[in-house]
Amino acid sequence: MLPSDHVQAFRDLLGDAGVVDDQQRLTTYTTDQRQLFTGSTLAVLKPATTKQVADVVRLAVRLGVGLVPQGGNTSYCGGATPNASGGQAIVSLECMDTIREVDSLSMSISVDAGAILKNVQDAAASAGLLLPLSLGSEGSCRIGGNIGTNAGGLSVVRYGMTRDLLLGIEAVLPDGTIVSDMRKLRKNNTGYDVKQYFVGSEGTLGIVTGAVLRLVPLPVRRATAWLKLAKGVALAELLALVRRESGELLTTLEFISARSIALATGGMANPPSVDAGPGGAILVEIASSSRHLDLDRLMEAVLSEAFESGWVEDAYLAQSGAQRAAMWELRETIPEGEKRWGGSVKHDISVPLSAIQRFLDVAGEQVRNYHADLELSVYGHLGDGNLHYNVLVPRGADRIEFTRLIEGGLSLQLYDTATALGGTFSAEHGVGRFKRHLLEKYGDIGRVAAMRRIKAAFDPAGIMNAGAVVSPYVPESTG
């Protein structure tokens with residue numbers, strides 16, 4: 001069959017509204033979030049039900065067409081971008097965006113995989129509950145993509161990553177079989193935890209079509225503080241102090257460098273009157289669903305101990321919702337500030353908490369030795385050991401060429417350092433297409449081999465997001 005015949009076969013299945021093959025419209029789907037790569041596709045398929053997804057998969061197997069599942073197309077690693085062959089079709093979940101059920105007593109929410117994260121958050125909030133998954137892209141990313149990348153975000157220190165919030169799943173396997181396990185159970189010890197195979201799989205093992213997510217009581221009280229750090233601050237020890245004194249109430253602890261603050265405030269109409277000390281700054285927040293706890297008093301006690309340690313030069317405790325919102329706007333505007341500057345080469349580093357300062361020291365020296373004029377934007381989720389260690393594109397440089405230059409040299413030095421300290425090259429962005437070679441380089445041999453075998457078991461025909469995450473499994477010759 002010719003490619004046009006393939007497209008017509010999918011159109012016969014889904015109808016005209018379920019197939020997009022206009023070249024101008026396709027660019028939105030075939031270009032990755034950072035615009036580093038544009039692939040090619042037969043068409044974008046837009047099923048509206050789980051049964052239609054299963055029908056699409058079975059037809060794709062019969063035609064020998066590869067499939068690339070796509071949610072909001074917000075991957076930083078090309079995980080939802082088709083390759084350049086033109087032989088893959090994109091399966092967009094955007095038409096499957098229903099909030100199926102909010103169960104206040106079970107504290108769970110059941111949704112279609114195409115539901116936008118912000119809409120799911122709002123549905124939970126309308127029931128007085130919180131979905132604690134919070135990302136900068138929450139207005140456009142979708143639940144299926146969050147599961148596929150095991151999304152982290154701003155509240156991991158308290159609530160964990162997506163895998164910790166996933167109770168049940170519905171998915172279509174690469175042969176069209178529907179896995180339906182949309183139960184709300186906290187306890188279900190009945191063999192393999194199949195839903196977790198899809199977490200972090202980036203569409204290589206099947207297509208997630210639905211999910212049940214754990215909710216928590218909606219916080220009604222918060223205390224938010226901004227800390228100016230002293231030179232030589234012991235970050236791991238400061239974090240341990242804050243965690244010890246605030247206990248399970250600690251929701252967020254974000255590190256922000258002075259350069260990142262300048263990038264963010266440069267585009268804000270009314271930036272907050274906060275800045276960094278010689279060691280940077282920290283945004284810390286504690287929260288509670290109880291109306292009986294005096295969180296401001298607790299935060300003041302935590303700040304007092306931090307001052308006594310000598311690690312903090314000054315601190316500001318938000319006195320109103322507006323002041324808190326301004327602090328958070330600054331933190332969340334950093335990526336936008338990097339774009340205004342001209343872009344950055346992103347390094348999604350994760351290291352053990354005890355090794356954070358060592359990484360910053362060694363990595364800083366590596367950057368200076370590589371080129372003394374390079375500027376950094378360093379910020380991230382200090383509470384869980386995740387730093388966004390971004391190299392700013394020099395003024396006048398071509399962003400894509402500079403990205404390729406850095407990723408072929410300096411980036412590998414930074415990843416070497418993170419790995420030597422027991423860390424990894426990807427904390428929350430995933431692997432996708434762009435970082436597959438890094439998994440091959442830095443991944444444990446046995447673990448990568450196990451991933452390949454899982455891929456081969458789930459997808460023997462290799463139709464699901466071929467080229468992403470892992471290379472195909474090739475059995476060793478016995479002859």
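Quote to one decimal, in nm, the extra length available between Asp373 and Lys441 on full extension: 0.36 nm per residue of separation minus the C-alpha distance between them. If you can, show how the numbers build up before the last one.
Working: separation 68, 0.36 × 68 = 24.48 nm, distance 2.89 nm.
Difference between extended and current length: 21.6 nm.
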Exercise for the section: Could you go through region 417-432 in sequence order and give the Karplus-derived ³J(HN,Hα) for each residue, using 6.51 cos²θ - 1.76 cosθ + 1.60 with θ = phi - 60°, rounded to whole Hz, and x for Gly and Pro? Expected result: 5, 4, 5, 5, 8, x, x, 8, 7, 9, 7, 9, 7, x, 10, x
Handout entry: Only Lys, Arg (+1) and Asp, Glu (-1) charged, at Cβ; the chain dipole about Cα centre in debye
Key = 600
Exercise for the section: Starting at the first residue of region 275-287, write each ³J(HN,Hα) from the Karplus equation 6.51 cos²θ - 1.76 cosθ + 1.60 with θ = phi - 60°, in whole Hz, x for Gly and Pro. Expected result: 8, 9, x, x, x, x, 9, 10, 9, 10, 9, 10, 8
Completion exercise
One finds the C-alpha centres of region 434-462 and region 379-405 to be spaced, in Å, by 26
Exercise for the section: Could you work out the relative contact order of region 236-364, using alpha carbon pairs under 8 angstrom and six or more residues apart, expressed as a whole percent? Expected result: 34
Exercise for the section: Starting from the Cα of Ala17, step 7 Å along the direction of its Cβ; do the same at Ser180; then give the gap between the two resulting points in nm. Expected result: 2.4
Problem - Sequence-distant residues sharing a close amide H with Gly279 (under 5 Å, placed H) - result: Leu229, Ala230, Lys231
Fill in the blank from the handout: Per the 1/(1 + (r/R0)^6) rule, R0 = 35 Å and r from the Cβ atoms of Ala456 and Leu63, FRET efficiency to 0.05 is 0.95
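Would you rank Trp341, Trp328 by solvent-accessible area, highest first, keeping every protein chain in place and using a 1.4 Å probe?
On the way: Trp341 50, Trp328 25 Å².
Order by accessible area, largest first: Trp341, Trp328.
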Handout entry: Nearest-10 value in Å² for the accessible area of Glu101, using the 1.4 Å probe
Key = 80
Exercise for the section: Tell me which residues come under 5 Å, amide H to amide H, from Gly380 once H is placed; ignore anything under 5 positions away on its chain. Expected result: Phe255, His388
Exercise for the section: Report the extension gain between Arg340 and Leu105 in nm, rounded to one decimal, defined as 0.36 nm multiplied by the number of residues separating them, less their alpha carbon distance. Expected result: 80.1 nm
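Can you give the alpha-carbon Rg of region 305-411 over 2.2 N^0.38 Å, where N counts its residues? All intermediate terms of the calculation are to be shown ahead of the outcome.
Values: Rg = 16.3 Å, N = 107, 2.2 N^0.38 = 13.0 Å.
In units of the 2.2 N^0.38 Å rule of thumb, it is 1.26.
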Completion exercise
1/(1 + (r/R0)^6) with r = Cβ-Cβ of Lys187 and Ala127, R0 = 30 Å, i.e. FRET efficiency to nearest 0.05, evaluates to 0.85
Handout entry: Karplus-derived 3J(HN,Hα), 6.51/-1.76/1.60, for each residue of region 228-236, Hz, glycine and proline x
Key = 8, 8, 7, 5, x, 4, 8, 4, 5
Exercise for the section: Return the whole-Å distance between the Cα centroid of region 242-319 and the Cα centroid of region 51-89. Expected result: 43
Exercise for the section: List the residues whose amide H sits under 5 Å from the amide H of Ser201, counting only those 5 or more places along or on another chain, with H placed 1.01 Å from N in the peptide plane. Expected result: none
Problem - Accessible surface, per residue, of region 354-451 when the full set of protein chains is kept, probe 1.4 Å, Å² - result: 46
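Rank these by accessible area, largest first, 1.4 Å probe: Val156, Val391. Intermediate values should be presented prior to the final figure.
Details: Val156 25, Val391 0 Å².
The ranking, largest first, comes out as Val156, Val391.
If the only charges are +1 at each Lys and Arg Cβ and -1 at each Asp and Glu Cβ, what is the size of the charge dipole of region 373-479 around the Cα centre, to the nearest 20 debye? Walk me through the numbers before you get to the answer.
On the way: 11 positive and 12 negative charges, 74 e Å.
Once rounded to the nearest 20, the dipole reads 360 debye.
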Exercise for the section: As a check on your grasp of the helix formula, calculate [θ] at 222 nm for the chain: sum -39500 (n - 2.57) over DSSP H runs of n ≥ 4, divide by the residue count, round to the nearest 500. Expected result: -10500 deg cm²/dmol
Practice task
Among Ser40, Gly279, Gly191, flag the residue with its Cα farthest along the positive direction of the charge dipole of the chain, charges on Cβ as +1 for Lys/Arg and -1 for Asp/Glu.
Solution key: Gly191
Practice task
Considering only protein heavy atoms, with the full assembly of protein chains and a 1.4 angstrom probe, order Thr28, Thr49, Thr252, Thr149 by accessible area, largest first.
Solution key: Thr28, Thr49, Thr149, Thr252
Problem - region 317-377, dipole about Cα centre (Lys/Arg Cβ +1, Asp/Glu Cβ -1), debye to the nearest 20 - result: 120
Problem - Rg in Å to one decimal, and Dmax rounded to a whole Å, for region 1-135 via C-alpha atoms - result: 16.7, 54
Practice task
Run the numbers on the chain and let me know its relative contact order in percent, using alpha-carbon pairs under 8 Å that are six or more apart.
Solution key: 15
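The values are calculated or read from the model by the stated rules, or taken from the named source; none is laboratory data. Predicted model, so just to flag it, every value in this text is computed and none were measured. No Cβ is skipped: glycine too gets one built from the backbone with ideal geometry, and neighbour counts run over all protein chains shown. To get the accessible areas, we keep the full protein, side chains included, count just its heavy atoms, and leave off ligands, DNA and RNA. Shrake-Rupley method; radii C 1.70, N 1.55, O 1.52, S 1.80 Å.
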